[in-house]
1. Give the residue that is farthest from the chain's Cα centre (by Cα), with candidates limited to residues of region 128-151 that are among the basic types (Lys, Arg) and over 14 Å from Ala166 (Cβ atoms).
2. Show me the strands (runs of 3 or more DSSP E) entirely contained within region 59-148 in which 2 or more residues are of a type outside the set (A, V, I, L, M, F, W, C).
3. Restricted to region 100-143, and to residues that are closer than 16 Å to Ile78 by Cα and among the polar types (S, T, N, Q), which residue is surrounded by the most Cβ atoms within 10 Å (Cβ to Cβ)?
4. Which of the following residues is under 25 Å from the mean Cα position of the chain (by Cα) and either modelled with pLDDT of 90 or more or surrounded by fewer than 16 Cβ atoms within 10 Å (Cβ to Cβ) (or both): Ala11, Ala25, Ala52, Ala48?
5. So Ala48 ticks every box in (1) in contact (Cβ under 8 Å) with a residue 24 or more places away in the chain; (2) outside any strand (DSSP E or B) but one. Which box is left unticked?
6. For region 133-165, which positions are in contact with an Asp or Glu (Cβ under 6 Å, 6 or more places away or on another chain) and within 20 Å of Glu85 (Cβ to Cβ)?
7. Scanning region 144-185 for residues that are of a type in the set (S, T, N, Q) and either touching a residue at least 24 places away in the same chain (Cβ under 8 Å) or touching a Gly at 6+ places or on another chain (Cβ under 6 Å) (or both), which turns out most open to solvent (accessible area, probe 1.4 Å)?
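The values are calculated or read from the model by the stated rules, or taken from the named source; none is laboratory data. This one's a predicted model, so the numbers in the text were calculated from it and none came from an experiment. Neighbour counts run over all protein chains shown; Cβ positions are idealised from the backbone, glycine included. All accessible areas refer to the heavy atoms of the entire protein, side chains included, with ligands and DNA or RNA removed. Shrake-Rupley method; radii C 1.70, N 1.55, O 1.52, S 1.80 Å.
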Amino acid sequence: MTSARWLMRLALFVLVFSLEVRVRASVIQLRESESPIEQPEGCLDSEANPCAMQTGRGEKLEILVGQAKVVVDQESSIIRVSEKEIRLVAGAVWVKATKSSPVSVRTEFGSTRGTSDFWVSREKEKMIVTAVHRDVEIFPRGSGEALVVPRGLENFIGRVGKNGQATVGLPTPIVPQPHLERWARLYSGKKAQFEKEVAEFRETWANSKDEAVVIHQALFQRKIASIDEARRQAEISRQKVESRNRELRDLFRRKTLGIE
């Protein structure tokens, strides 16, 4: 590892550590909602689907989706569609899925599917997907292609265009401070365990910087190659048009002017 890269890693370590200290000092864990809004009434306890629910300010809600756990953030609304899928209407959710119990989260922009911890937040014109321990797939609306959000990174699916396809961002490293803050307020374990998990996340986050650079470089090269190919095809088309025009001019001269 070069000295420059080592210094960068050290700076990232110090930055995340300082953010972690501030999170410990300023964030209060949310209380579990005692009477969340649910429709139809009683669907949470009966595990009936579909089941719509909403949390209030200063409270969270932990539910089961199949065998996976989903923690609903404060002032959030979701619909549990089935044992494998929820619809995020507003706010954010922390999904604790497993390989044996994957969970999909859907909005009007598209959906995402994971087999480990991941987060999904819903904003006015986009959904943001954050991959923590494992890669997460996203499925933009109108596209048959599954895209990957590598662990330690996040990406968004945005507005649907006139072509029926949703816009998609580029994977970027998780923004540490807001992520640690929401993680802390939804965490239900002991402080020591939380600090251990934050330390593990710190390493993942630091490494994600390099991975994001590689992804962006690859996408940049693909874009350049696409532009070059478009120019090559345009030049081929231009040459074909010129050749055809020459043929027409020659034909006109022969037929009209009697010039051979």
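1. Step one: of region 128-151, the residues among the basic types (Lys, Arg) are 134, 141, 151.
With over 14 Å from Ala166 (Cβ atoms) added as a condition, the list becomes 134, 151.
On the way: Arg134: 13, Arg151: 11 Å.
It comes out as Arg134.
2. Details: elements: 59-65, 68-72, 77-80, 85-96, 103-107, 110-114, 117-123, 126-131, 136-140.
In region 59-148, the matching strands (runs of 3 or more DSSP E) lie at 59-65, 77-80, 85-96, 103-107, 110-114, 117-123, 126-131, 136-140.
3. Thr112
4. Working: Ala11 fails: under 25 Å from the mean Cα position of the chain (by Cα); Ala25 fails: under 25 Å from the mean Cα position of the chain (by Cα); Ala48 fails: under 25 Å from the mean Cα position of the chain (by Cα).
Step by step, each of Ala11, Ala25, Ala52, Ala48 is checked, and only Ala52 is under 25 Å from the mean Cα position of the chain (by Cα) and either modelled with pLDDT of 90 or more or surrounded by fewer than 16 Cβ atoms within 10 Å (Cβ to Cβ) (or both).
5. Condition not satisfied by Ala48: (1).
6. Within region 133-165, Ala146, Val148 meet the criteria.
7. Let us first name the residues in region 144-185 that are of a type in the set (S, T, N, Q), namely 155, 163, 165, 167, 172, 177.
Checking the rest, the ones that are also either touching a residue at least 24 places away in the same chain (Cβ under 8 Å) or touching a Gly at 6+ places or on another chain (Cβ under 6 Å) (or both) come to 155, 165, 167, 172, 177.
Details: Asn155: 12, Gln165: 88, Thr167: 71, Thr172: 55, Gln177: 69 Å².
Per the stated criteria, the residue is Gln165.
Condition check ((1) modelled with pLDDT of 90 or more; (2) under 22 Å from Leu44 (Cβ atoms); (3) not polar (S, T, N, Q)) across all residues:
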position: Arg141; (1), (2), (3): yes, no, yes
position: Gly164; (1), (2), (3): no, no, yes
position: Gln177; (1), (2), (3): no, no, no
position: Glu195; (1), (2), (3): no, no, yes
